[in-house]
1. Residues in the range B:108-142, backbone N under 13 Å from the label point at residue B:75 (7 Å along the Cα-to-beta-carbon vector): list them, ranges by number please.
2. Mind listing P(r) for the range A:1-56? All alpha-carbon pairs, 5 Å bins, whole percents.
3. If you take every DSSP beta bridge whose two residues both sit in the protein assembly as shown, what share of them, in percent to the nearest 5, is antiparallel?
4. Cut-off is 10 Å between beta-carbons; in what order do B:40, B:135 appear when sorted fewest neighbours first?
5. If the chain between residue B:55 and residue B:233 were fully stretched, how many nm would it gain, using 0.36 nm times the residue separation less the Cα-Cα distance?
6. Got a sec? How would B:83, A:89 order by Cβ neighbour count within 10 Å, fewest to most?
7. Take peptide A:248-255, look around each residue's Cβ out to 10 angstrom, count Cβ atoms belonging to other protein chains, and average those counts.
8. Can you tell me the convex hull volume per residue for the range A:117-239, based on C-alpha atoms, in Å³ to the nearest whole number?
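Throughout, read-outs are computed from the coordinates displayed, never taken from laboratory work. Quick caveat: nothing in here was measured; it's all calculated off a predicted structure. All Cβ positions, even for glycine, are placed from backbone atoms using ideal geometry, and neighbour counts span all protein chains on display.
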């Protein structure tokens, strides 16, 4: 029987809410997990964030996000590492062992050089994360974000990097919106066995209204979400399933309505 | 020394022009090649198109486009094959041996089933194309078009299909806009050795204004066009290089100006 035991509200889906509102919304809706964004923590401070989440009895599925490793200068790259260390600390404080990595765009045209900077950045971050009991989840983004958000744009590439580490250190996050198009998807999900640190759902709308803000609620698009879920589960993932939707129409809808629709669609399509 | 001997004006770049205007524009600009779209042929008829191109002494680099194989019913899929046969005939009549295939989106959610329909469609088309001296060039599109234009979205996948045939029958078309993000790009270009039937250039703008209409003129974006060109040449391609840009700003610019800028940017960035 399907239940919402594994449903996690990635709070970007109700970006109109601050963290307190999102937590209260989850409690009202009976959603047991939340995925938290760092800018929302910053608004009210880490201690207050921690208190709110703990008092509500919510479990934290992940912190979004670390990453953004490539930069033009060594100094700037070091700053990014320091920032990632703060993200690791926040994850540990908030009681999740997953920091999602959006690896960052290239500072110049040389995308291969930027990809090396990502590898070096992860290498520098791993020991610190491990000390804090936090795993790094490399989330390959959709290739349409290669120039502006992440040079890591395929699950194959994310796997390749993750495999340089133990599964307790580095894994991958599978977001259907980012990977559904990949003809090698099911092979790569198999390859990621034991290393999947998160499963994110939303849908791909047709026609696609916008590069960034065009994600849809599950069931409104063309992604075989349930099929991908089964593959991810066969590769050993049984953790929370985050609903992560960037969409102004959804952000303009009252949050409680969004969460109700999310639960319904989760049961129907995920 | 760089020259424009291999420059081809894919006429979508001056979509404001009909075929006659595009041909006259190429002659004025001294551009020796043209890539022709089928809707532009239809406007004035095949015989007239043929006469205009021949009288101008232009060479035709390719016909855009065949493909669009997947459909919900067997009847509709057969119609698509018939349409592709007409495209093959037009290519032969216009004196090019390359029909570019944009393979088409899925009629439903099952993207793997649609990919099989593409394979079946190509299989059905190959003998007819070969009789007409026309090669089928599978153009992998950017993954952001997977739901609306083509389920073939990686050069690896295009290669995999092409390799089921002799290089005289089926090859691949490398368009930088569609493939620049791919971490496996240079391997796949190597793998395509002897099978590359076209090289298309434009640029990826940052920020990216639109999924379909957001392409830029070479040099205005982040793609390592020259590097990819060298790789394509090392894989044996020495044919025409098409400039193919979907962009309303460019379509609103006088065509002669567009071609002058195209020549300049070609010499500088391609």
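1. Nothing falls inside the zone, counting backbone N under 13 Å.
2. Going out from 0 Å in 5 Å bins, the range A:1-56 shows 4, 20, 33, 24, 12, 4, 2, 1 percent.
3. 5 percent
4. Details: B:40 19, B:135 25.
If I rank by nearby Cβ atoms, fewest first, I get B:40, B:135.
5. Result for the pair: 61.0 nm of gain on full extension.
6. B:83, A:89
7. Mean partner-chain Cβ count within 10 Å for A:248-255: 0.
8. Taking the convex hull of the Cα positions in the range A:117-239, it is 108 Å³ per residue.
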